[in-house]
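The values are calculated or read from the model by the stated rules, or taken from the named source; none is laboratory data. All values reported here derive from a predicted model rather than from experimental measurement. Backbone-built Cβ (ideal geometry, glycine too); neighbour counts: all protein chains shown. Side chains are part of the model used for accessible areas, which takes the heavy atoms of the whole protein and leaves out ligands, DNA and RNA. Shrake-Rupley method; radii C 1.70, N 1.55, O 1.52, S 1.80 Å.
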Amino acid sequence: EPVNVEDMRGEVQKFYDSLSVSNKKLFDEFMSFIQMREINVREEQQARELERYMEIAENYEKKMYDEAPDIDFGDGSNFFDELMAATPTQKRSLFYKYIDDRFALDRFDKAETARFDTQKQLALGDYKDFFKDEFTPIDDSEESHAAKAEVERFGQKAFDAIFYPREVEDTTEIEKIMVAYDQLHPAAKPRRVEYELVKLGV
């Protein structure tokens with residue numbers, strides 16, 4: 001079947017083609033004006049977004065210094081001593097370590113809460129005949145163990161449904177915070193590390 005080129009053109013293109021030469025020029029100028037306005041609007045939004053993340057980065061940095069004497073990552077390091085003696089680049093690495101840990105803890109806590117709530121609801125609800133309390137089987141029977149395994153399976157699903165999507169979201173959020181940190185501390189940014197400001201829309 002022959003292709004009708006006329007049918008393939010969009011309504012805007014048809015409208016443009018129908019204009020006189022002088023009106024096409026006016027239309028082109030108007031489109032250029034709209035494009036420039038769109039660029040300006042986008043740049044303003046990006047600037048506001050960067051400013052917001054710079055404030056977030058500053059708040060995390062303040063918390064890091066406030067909490068530094070009590071921070072223990074369990075890796076044998078003394079976070080406070082490292083922070084006090086760190087170069088700007090090293091402080092950047094410690095800041096990243098700090099916020100990554102804080103995001104991970106928050107992510108785990110929320111996922112664990114979802115697991116706990118799900119298991120409790122099932123143990124006291126649909127599976128109440130097999131439990132003494134939220135997590136203790138009523139006896140040592142095969143049925144009770146099967147019910148406990150089923151409740152734990154649903155609990156794990158609830159955990160995973162929170163933890164893994166948040167892990168992806170947190171990675172993106174941390175990248176944006178690090179972009180903002182680099183704006184606040186340009187001397188701290190290692191040359192080999194180049195975050196694309198486009199990730200933040202900058």
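Taking the Cα centre of the stretch 1-120 as reference, the dipole from Cβ charges on Lys and Arg (+1) and Asp and Glu (-1) amounts to some 260 debye. Take the stretch 43-202 with all the other protein chains still there, run a 1.4 Å probe, and you get 63 Å² of accessible area per residue. Applying the criteria of a DSSP loop state and at most 14 other Cβ atoms within 10 Å to the trypsin sites (Lys or Arg not before Pro) of the stretch 70-143 yields Lys132. Over the stretch 51-106, the alpha carbon radius of gyration divided by the compact-protein estimate 2.2 N^0.38 Å works out to 1.10. Among the lysines of the stretch 99-176, pairs at least eight places apart or on separate chains and with Cα atoms under 24 Å apart come to 13. Ranked from largest to smallest solvent-accessible area, with a 1.4 Å probe on the protein heavy atoms, Val179, Val41 come out as Val41, Val179.
Build a GNM of the chain with springs between Cα atoms under 10 Å apart, and of Gln46, Gln35, Gln183 the one that fluctuates most is Gln35.
Considering only Asp17, Asp70, Asp129, the mean-square fluctuation computed in a Gaussian network model of the chain, springs between alpha carbons under 10 angstrom, is largest for Asp17.
The GNM of the chain, with springs linking C-alpha atoms under 10 angstrom apart, assigns the highest mean-square fluctuation among Asn40, Asn23, Asn78 to Asn23. Using C-alpha pairs under 8 Å with a sequence gap of at least 6, the mean separation divided by the residue count of the chain gives a relative contact order of 26 percent. By the compact-protein rule of thumb, 2.2 N^0.38 Å, the alpha-carbon radius of gyration of the stretch 93-134 corresponds to a ratio of 1.81. Please name whichever of Gln35, Met84, Gln119 sits farthest to the positive end of the charge dipole of the stretch 2-140, dipole taken about the Cα centre and charges placed at Cβ: Lys and Arg +1, Asp and Glu -1. Highest projection toward the positive end goes to Gln35.
The candidate values were (1) 24.1; (2) 13.5; (3) 12.7; the one computed from these coordinates for mean projected area of the Cα convex hull in nm² carries the label (1). Here the Karplus relation 6.51 cos²θ - 1.76 cosθ + 1.60, evaluated at θ = phi - 60°, turns the backbone of the stretch 127-144 into coupling constants of 10, 5, 5, 10, 10, 6, 9, 4, 10, 10, x, 5, 7, 9, 6, 4, 5, 5 Hz, with x for every Gly and Pro.
Solvent-accessible surface (1.4 Å probe) assigned to Met31 amounts to roughly 80 Å².
Quick check: net charge around Ser32, other residues with Cβ under 12 Å of its Cβ, Lys/Arg +1 and Asp/Glu -1? Its environment carries a net charge of -1.
Each of Lys157 and Gln46 was given a label point 7 Å from its Cα along the Cα-to-Cβ line. The distance between the two points is 4.4 nm.
Dividing the summed helix terms, -39500 (n - 2.57) for each DSSP H run of n ≥ 4, by the number of residues in the chain produces a 222 nm estimate of -25500 deg cm²/dmol to the nearest 500.
The magnitude of the dipole of the chain, with charges of +1 and -1 set on the Cβ of Lys/Arg and Asp/Glu and taken from the Cα centre, is near 960 debye.
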